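Participant: Could you have a look at this structure, given as structure tokens, before my questions?
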Amino acid sequence: MRPVATLALILSASAGVALAAESATPAAVVAAERAFAADGYAMGIKRSFLKHSSPRAIVIQPKPVNAHESLEASPDGKPDDPKLEWWPQWAGISRSGDLGFTTGPYSLGGKRRGYYFTVWKRQMDGEWKWLFDGGTSSSAEGAPGPGGAVGYLKPSGVEPIETGLALTQVLKAEDELAKAARKDLLAAYLTVLACDGRVQGSPAAPATDCRSGEVELKTRAATAQMRTLGSEASEAGDLAWTYGAIDWLKDGQPGKGHYVRVWQRRPEGWRIVFDELLVTPPQPPAN
């Protein structure tokens, strides 16, 4: 009876993925982000970030660290601290409805400071927790306010594949991108960047199409060394996020930082639909 039971489980799981593919909508992660933001305003940064993050969530400070350990070690906020506010402007979710993201402007003390990016994971109990949260100082001056409409990443429409296979394919795509970027970073990106994706990291507003994406990528070094540090794919194998370290030389000056990406599997292969560069601030000279 074991093979029959196993087949039943496989069919049940497949049906669950198919059902999720029909009903999954980024509205779920948008709601999670808005609840997170509301708590951030009402409860303060430390308590809200702990409440809404997964125990394995990471932040870049300036290296990847466990978010909970970092938050627990940080001081509690004060009632008169400048308020941090943020709101989603663009979001996406996997066909299986278990992995998603949002990005949008953030402000501190009423002044817009840049764009945040959050990766979300649906937990076993159905609750959403974030796995990564970080942002850049990209201009948000012309962006809609908190009441503006949220744009959605279009579903890829591909059939589900096993998560392990998806990760293998994504890591191969990462390796190929890194290898090509050692010779020509712009050309390497343009082979895998989706025209409906987002690229951010410079002081300019985030790029939202191929033309502005190319302009944004030209603000980076001509070549770079990249290495993947972590990755995770959705249950349907159609969406994955990765992060890693990056080093470069630009105008004779060395630089380093980290990248965070979202890959979407499409009929033509895996494509980058979000890319964020987080530059490590230069260290002051030792006394």
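The values are calculated or read from the model by the stated rules, or taken from the named source; none is laboratory data. Predicted model only: the values in this text are computed from it and were never measured. No Cβ is skipped: glycine too gets one built from the backbone with ideal geometry, and neighbour counts run over all protein chains shown. For the accessible areas, the whole protein counts, side chains as well, though only heavy atoms, and no ligand, DNA or RNA atoms are used. Shrake-Rupley method; radii C 1.70, N 1.55, O 1.52, S 1.80 Å.
Participant: Given the condition open to solvent by 20 Å² or more (accessible area, probe 1.4 Å) and not in a strand (DSSP E or B), answer yes or no: does some residue in region 96-108 qualify?
Facilitator: no
Participant: Also, quick follow-up: Restricted to region 186-206, and to residues that are over 15 Å from Lys250 (Cα atoms) and part of a helix (DSSP H, G or I), which residue is farthest from the chain's Cα centre (by Cα)?
Facilitator: Taking the candidates together, the pick is Ala187.
Participant: Going residue by residue through region 121-128, is there one that turns out to be under 13 Å from the mean Cα position of the chain (by Cα) and in a strand (DSSP E or B)?
Facilitator: Yes - at least one qualifying residue is present in region 121-128.
Participant: Give the residue that is nearest to the chain's Cα centre (by Cα), with candidates limited to residues of region 207-250 that are closer than 20 Å to Lys179 by Cβ and open to solvent by 70 Å² or more (accessible area, probe 1.4 Å).
Facilitator: Restricting to residues being closer than 20 Å to Lys179 by Cβ and open to solvent by 70 Å² or more (accessible area, probe 1.4 Å), the top hit is Leu229.
Participant: Restricting attention to region 79-90, does a residue exist that is modelled with pLDDT of 95 or more, open to solvent by 20 Å² or more (accessible area, probe 1.4 Å) and not in a strand (DSSP E or B)?
Facilitator: Yes, because at least one residue in region 79-90 is modelled with pLDDT of 95 or more, open to solvent by 20 Å² or more (accessible area, probe 1.4 Å) and not in a strand (DSSP E or B).
Participant: Moving to a separate point now. List pairs: first in region 47-71 and over 14 Å from Phe132 (Cβ atoms) and modelled with pLDDT under 95, second assigned to a loop (DSSP other than H, G, I, E, B) and among the acidic types (Asp, Glu), Cβ under 9 Å, 6+ apart or cross-chain?
Facilitator: Taking only residues 6 or more apart or on different chains, the pairs are Arg47/Asp76.
Participant: Here is a follow-up. Just to confirm my filter: which strands (runs of 3 or more DSSP E) fall fully inside region 222-287 and include at least 2 residues that are in contact (Cβ under 8 Å) with a residue 40 or more places away in the chain and of a type in the set (Lys, Arg)?
Facilitator: 253-266
Participant: Can you say whether Ser74 is open to solvent by less than 30 Å² (accessible area, probe 1.4 Å), at negative phi, out of contact with any Pro (no Cβ under 9 Å at 6 or more places or on another chain) and of a type outside the set (Phe, Trp, Tyr), as far as the supplied structure shows?
Facilitator: So Ser74 does not fit the description; no.
Participant: If I ask for residues that are within 21 Å of Arg266 (Cβ to Cβ) and either out of contact with any strand residue (DSSP E or B) (no Cβ under 8 Å at 6 or more places or on another chain) or without any contact (Cβ under 8 Å) to a residue 12 or more places away in the chain (or both), which ones from region 187-207 would you list?
Facilitator: Residues satisfying the conditions are Ala187, Ala188, Leu190, Thr191, Cys195, Ala207.
Participant: Something else now. Test each condition in (1) exposed (fewer than 13 other Cβ atoms within 10 Å of the Cβ); (2) touching a helix residue (DSSP H, G or I) at 6+ places or on another chain (Cβ under 9 Å); (3) under 30 Å from Ala24 (Cα atoms) for Lys154 and report the one that comes out false.
Facilitator: So Lys154 meets the others, but not (2).
Participant: Turning to a different aspect of this structure: Look through region 251-287, keep the residues that are surrounded by fewer than 17 Cβ atoms within 10 Å (Cβ to Cβ) and basic (Lys, Arg), and return whichever of them is nearest to Gly213 (Cα to Cα).
Facilitator: Here the answer is Arg266.
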